[in-house]
1. So, in Å, what gap is there between the alpha-carbon centers of the range 1-80 and the range 82-131?
2. Which whole-number value in Å² is the accessible area per residue of the range 14-55, probe 1.4 Å?
3. Treat every Asp and Glu Cβ in the chain as -1 and every Lys and Arg Cβ as +1, leave all other atoms uncharged, and give the resulting dipole magnitude about the Cα centre to the nearest 20 debye.
4. GluC sites (Glu not before Pro), restricted to the range 20-116: which are DSSP loop and have at most 10 other Cβ atoms within 10 Å?
5. Quick one: length gained pulling Glu37 to Asn129 fully straight, 0.36 nm per residue minus the C-alpha distance?
6. With the calculation restricted to Cα positions, what are the radius of gyration and Dmax of the range 55-94 in angstrom?
7. Can you quote the Å³ per residue value for the convex hull of the Cα atoms in the range 9-63, rounded to an integer?
8. Stretched out fully, how many nm does the piece from Ala87 to Ala5 gain, at 0.36 nm a residue minus the Cα gap?
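The values are calculated or read from the model by the stated rules, or taken from the named source; none is laboratory data. Fair warning: this is a prediction, and the values are worked out from it, not measured in the lab. Every residue, glycine among them, receives a Cβ derived from its backbone with ideal geometry; neighbour counts consider all protein chains shown. Note: areas computed on protein heavy atoms with side chains; ligands, DNA, RNA excluded. Shrake-Rupley method; radii C 1.70, N 1.55, O 1.52, S 1.80 Å.
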Amino acid sequence: GMTMAGLWVLNFAHPLTESQQQAIRNLTGQEIEKILEFKCQFDHNHSFSEQAQRLLDGAPLTSAQWQSLPILVNPPSLAPIACVILAELHGRMGYFPPILRLRPSETIPPQYEVAEIINLQAIRDAARNKR
């Protein structure tokens, strides 16, 4: 039968553990095709917008792939960088990608577990109905 295309995870945070990857597979019902790691150490003395552009220009994706691949984003922890990255991704993809939300587990020491996958485009579309 038709197999679903595997997820492409764009990771702007710490590398995802095996159990986090398993949780993603469980939540989405999809395999992970590829994890692209992005180093998000931005220079605070330079434009975040330009740094985000350069970072994503370095991704091995064609214009067609940006618009067609099933992409999931693990955003960077610093809010302004996350905002700029998402704006840049929206421009390339044509919509907001779903994002991963991690939370500290109850274990000692705390590990980060996958809390949910947030469908940003659905949130955006629902909000649009309110205006």
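1. Measuring centre to centre over Cα atoms gives 12 Å.
2. Here the residues of the range 14-55 average 70 Å² of exposed surface.
3. The calculated dipole for the chain is roughly 460 debye.
4. Of the GluC sites (Glu not before Pro), the ones in loops of the range 20-116 whose Cβ has at most 10 other Cβ atoms within 10 Å are Glu106.
5. Here the answer is 29.6 nm.
6. When restricted to the Cα atoms of the range 55-94, Rg and Dmax are 10.3, 29 Å.
7. Spread over its residues, the Cα hull of the range 9-63 gives 102 Å³ apiece.
8. Result: 27.1 nm gained on full extension.
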